[in-house]
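In what follows, a structure is listed as structure tokens, so that the remarks can point back to it.
Readers should treat all values here as calculations from the given coordinates under stated rules, not as data from a laboratory. This structure is a prediction, so every number in the text was calculated from the model and none was measured. Glycine also receives a Cβ, built like all others from the backbone with ideal geometry; neighbour counts cover every protein chain displayed.
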Amino acid sequence: MGLGNPGPEYAGTRHNVGFMVIDALRDRYGAPLKRSKHQSIFGGARIEGVQVVLAKPMTFMNLSGRAVAPLIREFGLPLDRLLVIADEVDLPLGKIRMRSEGGAGGHNGHKSIIQSLGSNQYARLRIGVGRSEAGDTADHVLSRFLPEERSIVGEVLVRAVESCVALLTLGIDRAMQITNSGGGAFGEGAAPD
């Protein structure tokens, strides 16, 4: 499940990096998101032999739980099979982190999901978008990536797809180890694993 805000006015914004990862997975594995239900668009895919559902809530970020919880129930998906992909202002642009569970960490999308599911026991892939030097977080996450940041974003999307594949094929512990061992942020001399 990749988080973001629906509508063309939000396309390409930092807050929509979860949508971007789902789109990258869709493109790589030929998984059109043609179904619409429970305030989400979604589609099935076979990734490295594993059947998955790729989904994007069509609620706004702060209401993501309204889409996630019904989809989980629809597919009978246990929470340990859910991965939520979202932006993270506490990580610099280029950094990604995977966790097996955790709190909302100030992210309203996660807060809504935790509230709707009644649990924080789901995996998450956090995609660093950095903080604004001006300090206004809302304006920052709703801003588009700068031209000089786009190559870093492209590298991050490749690494995020690889992290999702690692989760599916190797399990959460090994996927976290691979994802989180990247060292520095892309664009700062670190290469993807």
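Observations
- Our estimate of slack between D27 and L79, defined as 0.36 nm per intervening residue step minus the Cα-Cα distance, is 16.2 nm.
- About its Cα centre, the chain has a charge dipole of approximately 720 debye under the convention of +1 per Lys or Arg Cβ and -1 per Asp or Glu Cβ, with nothing else charged.
- Amide H within-cut-off set for D87, under 5 Å, with H built and near neighbours excluded: V17, G18, I127
- Hits among lysines - C-alpha to C-alpha of K111 under 23 Å, sequence gap 8 or more where chains match: K37, K56, K95
- Centroid-to-centroid separation of the range 110-145 and the range 55-102 [C-alpha atoms, Å]: 10 Å
- 14 Å beta-carbon shell around R81, net charge (K/R +1, D/E -1): -1
- Mean Kyte hydropathy of 0.0 or more with a Cα span along the axis of at least 24 Å, helices from DSSP in the chain: 150-170
- Counting Lys and Arg as +1 and Asp and Glu as -1 over every other residue whose Cβ lies under 13 Å from the Cβ of G65, the net charge comes to +3.
- Listed peptides 134-144, 170-180, 49-59, 12-22 by packing density, highest first (mean Cβ within 10 Å): 12-22, 49-59, 170-180, 134-144
- Our helix-only sum for the chain, with -39,500 (n - 2.57) per DSSP H run of n ≥ 4 divided by its residues, gives a mean residue ellipticity at 222 nm of -11000 deg cm²/dmol.
- Calculated from the alpha-carbon coordinates, the range 8-180 shows an Rg and a Dmax of 15.1, 46 Å respectively.
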